[in-house]
Every structure is written in structure tokens, then in C-alpha cells.
Amino acid sequence: MKHVPKETTDDALIQEYLDKGGKVSVGKTKPAKPELGLSKNVWNNKLTKEEKAARDKK
């Protein structure tokens, strides 16, 4: 997946943000709540017996 900046992105605006002490970082995602019962983070895909057993062992 390529990251191609949009034409509307203003390089001067980005540079000003960085000069003022702003920083660019990659966010971290939280794991899904076990109450949701999602299999492999896919909606409408319930946990298998093996996945339930592995979850309950923790």
C-alpha cells in the first residue's frame, strides 16, 4: 500500500507543524474486547471452539 500525499497537502504547513515541536508517529491499536467474541478481528465471525479454549486459558 503506497502512501501518496494528496495535492492539497501543503509542505509549508507540514514543515511549520514540525518546527513548532509537532511530531509524526504511528498509532497503536488496542485488541478487541473478548466480550465481542470476534474471530480473527472479523465482524460476524464467531469464535471457534479452539479459539474459545485458548481465550479461556489466559
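Read the figures in this text as sums done on the coordinates, not as results from a lab. These figures come from a predicted structure and were not determined experimentally. For neighbour counting, all protein chains shown are included, and Cβ atoms are generated from backbone atoms with ideal geometry for every residue, glycine included.
See the values below:
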item: Packing rank of 24-32, 49-57, where each peptide gets the mean count of other beta carbons within 10 Å, highest leading; result: 49-57, 24-32
item: Simple label model, 7 Å out from Cα along Cβ direction - Q15 to E50, nm; result: 5.5
